[in-house]
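Worksheet for the structure shown next.
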Amino acid sequence: MAEAEGLLSVDYEVSGRVQGVFFRKYTQTEAKRLGLVGWVQNTSHGTVQGQIQGPAARVREMQEWLRKIGSPQSRISQAEFNNEKKIVALEHQDFKILK
């Protein structure tokens with residue numbers, strides 16, 4: 001019998017050639033396609049960071065996308081995920097690009 005799927009929240013930071021290549025826009029599009037909420041922003045040290053929340057299986061799909069795919073012109077060298085936790089309700093309304 002399948003386990004009831006809960007909601008997950010996870011923070012992420014992606015390194016490599018991820019700024020100036022529409023990475024945030026593609027991340028937002030993919031997250032929305034998967035029905036996830038959260039945010040993404042550039043950092044001052046050349047990475048992209050954010051948070052994703054939603055059904056566990058969809059969060060896992062997004063993690064794979066952040067690890068291996070990204071935007072067409074990006075070159076991902078590393079994707080780190082931290083603060084993974086089960087949540088009872090989503091903490092965001094949608095998926096935003098923060099400045």
(request) With a 1.4 Å probe and every protein chain left in place, work out the accessible area per residue of segment 18-99 in Å², rounded to a whole number. (result) 59
(request) Run the 1.4 Å probe and let me know the accessible area of R17, rounded to the nearest 10 Å². (result) 120
(message) To make sure I understand the rule: partners must be lysines, Cα under 23 Å from the Cα of K99, and not fewer than 8 residues away in the same chain. Which ones qualify?
(response) K25, K32
(request) May I ask you to compute the full-extension gain from E64 to E5, defined as 0.36 nm times their residue separation minus their alpha-carbon distance, rounded to one decimal in nm? (result) 19.4 nm
(request) Sum -39500 (n - 2.57) across every DSSP H segment of at least 4 residues in the chain, then divide by the residue count to get the 222 nm mean residue ellipticity, nearest 500. (result) -7500 deg cm²/dmol
(request) Set the Förster radius R0 to 30 Å, insert the Cβ-Cβ distance between Q19 and A57 as r into 1/(1 + (r/R0)^6), and round the FRET efficiency to 0.05. (result) 0.55
(request) Please give the helix 23-33 orientation as an angle from the longest Cα principal axis of the chain, in degrees from 0 to 90, rounded to the nearest 10. (result) 20
(message) Taking R0 as 25 Å, what FRET efficiency do you get between E91 and T43 from their Cβ-Cβ distance, rounded to the nearest 0.05?
(response) 0.75
(message) Compute the helix-to-body angle for 56-68: its Cα long axis versus the longest principal axis of the chain, expressed 0 to 90° and rounded to tens.
(response) 20
(request) First compute the accessible area of the chain with a 1.4 Å probe, then give the percent of it belonging to carbon and sulfur atoms. (result) 49
(message) Please return the longest range in the chain lying between exposed loop sites, taking GluC sites (Glu not before Pro), DSSP loop only, at most 11 other beta-carbon atoms within 10 Å, and leaving the sites out.
(response) 6-90
(message) Please compute the contact order of the chain in relative form: average sequence separation of alpha-carbon pairs under 8 Å and at least six residues apart, divided by the residue count, as a percent.
(response) 46
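The values are calculated or read from the model by the stated rules, or taken from the named source; none is laboratory data. If you're wondering where the values come from, they're calculated on a predicted model, not measured in any experiment. Positions of Cβ are generated from backbone atoms using ideal geometry, with glycine treated the same way; all protein chains shown enter the neighbour counts. Areas reflect the complete protein model, heavy atoms only, side chains present, ligands, DNA and RNA absent. Shrake-Rupley method; radii C 1.70, N 1.55, O 1.52, S 1.80 Å.
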